[in-house]
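Nothing in this text is a laboratory measurement; each read-out follows from the coordinates by a stated rule. Source: prediction; values computed, not measured. Here the Cβ is made from the backbone with ideal geometry for all residues, glycine too, and neighbour counts use every protein chain on show.
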Amino acid sequence: MIAGMKITDALLVEHGLLYITMDFVAEYLRQVKDLTEVKLLASMLERLLDAHGKGEEHFMLVPFDHILEDHGQREQMCVAHLEIDVRLKEAQSATDLTVAKRLLKGAISATRKHFKSEEQFVFPQFEKLLTVSTLNSLGKAMMEQRGAHSGEE
């Protein structure tokens with residue numbers, strides 16, 4: 001990511017990469033004929049979304065929870081996160097290929113809807129209420145944390 005990037009921009013870049021990943025998984029899922037493969041895809045997506053979500057939570061949502069609460073969006077976000085997590089976990093524990101595929105598709109759909117909500121409502125609120133300096137500092141901190149956890153020496 002680019003140095004000096006606002007956290008909202010960094011999260012949008014991550015959304016873009018996750019959209020590409022979800023597009024690939026959804027398309028590839030059509031040809032999958034093995035339950036183990038569906039479980040692997042669900043596990044991969046869960047791990048990617050977990051890493052993204054932890055950054056979002058740590059650097060934006062927890063410190064500025066009051067912004068979401070004041071705008072009535074905190075509960076909505078928690079429900080969306082739970083729905084996505086449950087579907088991904090259920091896809092990984094499913095014993096039927098068709099059910100696992102349906103659950104994974106549902107998780108992808110719920111994630112897209114959740115990202116759109118963040119992009120249309122949450123990120124713009126943060127852009128309005130926080131200074132550019134604060135947004136840049138949070139973006140820098142998140143990128144530093146990402147580098148520390150990326151396996152780089």
Within the stretch 91-148, can you find the residues that are closer than 29 Å to Ser43 by Cβ and of a type in the set (Ser, Thr, Tyr)?
Ser93, Thr95, Thr98, Ser109, Thr111, Ser117
Here's a check for you: in the stretch 74-129, which residue that is of a type in the set (D, E, K, R), in contact (Cβ under 8 Å) with a residue 40 or more places away in the chain and in a helix (DSSP H, G or I) is nearest to Glu57 (Cα to Cα)?
Glu118
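Conditions (1) farther than 23 Å from Phe24 by Cβ; (2) surrounded by 14 or more Cβ atoms within 10 Å (Cβ to Cβ), marked per residue:
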site	(1), (2)
Leu61	yes, yes
Asp70	yes, no
Arg74	yes, yes
Leu82	yes, no
Val99	no, yes
Lys105	no, yes
Thr111	no, yes
Pro124	yes, no
